[in-house]
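Novice: This structure is in structure tokens; I'll ask about it shortly.
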């Protein structure tokens, strides 16, 4: 089983700093009772947020549009400016949750805890849970995650870190909190957005890093059987970055994990891309 994540250290609710160990939310909020909420998570190092803060901002606005929230582009960055002074020292995993309140109110909940230690590699399991590409809110990052949590819990019981899901049509989709990449014979492959997956910020960054480094990368429909012919497999998200898969529970695939020869090339390209993004002035 995975160790329990470091608990939340900071809580700011609608601009007010609160005790992280005390109750914060009304039980009557739709965001509590019905799971009506959207969120974004990213890392902050000594007060400096991810260079992809603008992309997280845009995705929050996209999630809002799909789910009926009133959150325009720029709102995340504006709200973070009030929270940023609280995370000036240390490495943080920061999350903004926008919750549906009473009478169409919206509440902005910032939370932060210690950034988890870097992962050398990961074990995954293919889940029996399925994603529907025709779901009208596919691609929204919501707090309504009971199915994903159950899928991941089952995978962790089997000794895995993450559960990988397929679509209702049987092709590969994504993890419960990650996107997936496969290195096949001709290059790097990942499922396209029209398969109902979340448009991961790190996923897109890896794709753009490959373009910049002239590494062949393809967004295409991937079948479950492609896992068995993949040379290397990786999962990505905004907190763990790009992590190689060392084993797929229940499948005969032999994977090199952190010793993959293509991994070094991908990580170098990704580091170069991150460095270039960090040097790019913001508007």
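No value in this document is a laboratory result; all are computed from the given coordinates. All values reported here derive from a predicted model rather than from experimental measurement. Cβ atoms come from the backbone with ideal geometry, glycine included; neighbour counts cover every protein chain shown.
Novice: Taking only DSSP H segments of four or more residues, each worth -39500 (n - 2.57), what value at 222 nm results for the chain once the sum is divided by all its residues, to the nearest 500 deg cm²/dmol? Please list the in-between numbers first.
Specialist: On the way: 7 runs with 76 residues, N = 283.
So the calculated ellipticity at 222 nm is -8000 deg cm²/dmol.
Novice: Once label points are set 7 Å from the Cα along Cα→Cβ at both residue 208 and residue 226, what is their separation, rounded to one decimal in nm?
Specialist: With each label point 7 Å from Cα toward Cβ, the separation is 2.3 nm.
Novice: Label-point separation (nm) for residue 279 and residue 13, each offset 7 Å from Cα along Cα-to-Cβ?
Specialist: According to this spin-label approximation, the distance is 4.5 nm.
Novice: Additional query: If each of residue 143 and residue 261 carries a label point 7 Å out from its Cα toward its Cβ, how far apart are those two points in nm?
Specialist: It is 4.8 nm.
Novice: Another one. Using Cα centres only, tell me the gap between the stretch 170-238 and the stretch 57-82 in whole Å.
Specialist: Distance between centres, Cα-based: 26 Å.
Novice: Calculated FRET efficiency, residue 218 and residue 169, Cβ-Cβ r, R0 22 Å, to nearest 0.05? Can you show the working numbers first?
Specialist: On the way: r = 19 Å, r/R0 = 0.86.
That gives a FRET efficiency of 0.70.
Novice: Using 0.36 nm per residue of separation minus the Cα-Cα distance, give me the extension gain between residue 105 and residue 33 in nm, one decimal. Please list the in-between numbers first.
Specialist: Numbers: separation 72, 0.36 × 72 = 25.92 nm, distance 1.47 nm.
Answer, rounded to one decimal: 24.5 nm.
Novice: Taking only Cα atoms and a 10 Å spring cutoff, compute GNM fluctuations for the chain and point out the largest among 94, 32, 206.
Specialist: Maximum among the listed residues: 32.
Novice: Antiparallel versus total DSSP beta bridges in the chain: what percent is that, nearest 5? Mind dumping the intermediate values first?
Specialist: On the way: 44 of 56 bridges.
The antiparallel proportion sits near 80 percent.
Novice: Need the full-extension length gain, residue 153 to residue 46, defined as separation in residues times 0.36 nm minus the C-alpha distance. One decimal, nm. Mind dumping the intermediate values first?
Specialist: Numbers: separation 107, 0.36 × 107 = 38.52 nm, distance 3.22 nm.
This chain segment gains 35.3 nm when fully extended.
Novice: Using Cα springs under 10 Å in a Gaussian network model of the chain, which residue among 229, 41, 202 shows the largest mean-square fluctuation?
Specialist: Answer for the Gaussian network model of the chain: 229.
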